[in-house]
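The values are calculated or read from the model by the stated rules, or taken from the named source; none is laboratory data. Predicted model only: the values in this text are computed from it and were never measured. Only protein heavy atoms, including side chains, enter the accessible area calculation; ligands, DNA and RNA are left aside. Shrake-Rupley method; radii C 1.70, N 1.55, O 1.52, S 1.80 Å.
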Amino acid sequence: MQIYFVRHGESEANILHEVSNRGFRHPLTEKGREQARTLAASLRDVPVSKIYSSPLMRAVQVAEILAEKFKVPYETTDALREYDCGIIEGQADDASWAMWSQLRHDWLVDQKWDSRIEGGESFYDVQNRFVPFVEGLLNADTNGVIVLVAHGGLFTCMLPLVLKNVSFEFAQSVGVTYTGAVIAETRTDGLYCLTWCGGMKGVRP
């Protein structure tokens, strides 16, 4: 089995530089839609059998474009939602983004897994919804390729937990580009990254 972890395209929240990890707002920009269409065209020969999406609008819109291309259903799941940032939701000021950056540093550098922004999620909260979901897909042993459409922050923080050959240091240093795909394959001892947004071809980071 292969799993494609796909980030959404550019959204209005990105243009506004606003924290937008709740609700159903901030659609893709036209550039973001074009990025999604380009991704769909690049995957035309991939045997996609199922698509799962974050419930946030920007991810759902990418899933819709992919589902139309491959004529397969998509399903939304809270397991793929971007991590909740509590009181800075909807904010775009420097102080809020400083809190966001500090949270990422707490998690990925200092390993303060319980750290959270007031009203938001801890690393453990996100782990407890994302990892079991991915493990469930692996245990189902579904044929074909599964596409998971979600978010750069979520993937940067969570993929090192489910990919045997990806470290937190690597994920944080390279990030995930708009509609970038992290392609992973199951082996006898777990899930391995084959390519990370077109790079890292089989090389352990």
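The figures follow:
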read-out	value
Heavy atoms of HIS17 accessible to a 1.4 Å probe, total area in Å² rounded to 10	100 Å²
Accessible carbon and sulfur surface of region 93-150 relative to its total accessible area, %, 1.4 Å	46 percent
Residues of type lysines that LYS164 reaches as a straight line, Cα spacing below 29 Å, ignoring anything fewer than 8 places off in the same chain	LYS50, LYS112, LYS201
The chain, relative contact order [Cα under 8 Å, separation at least 6], %	29 percent
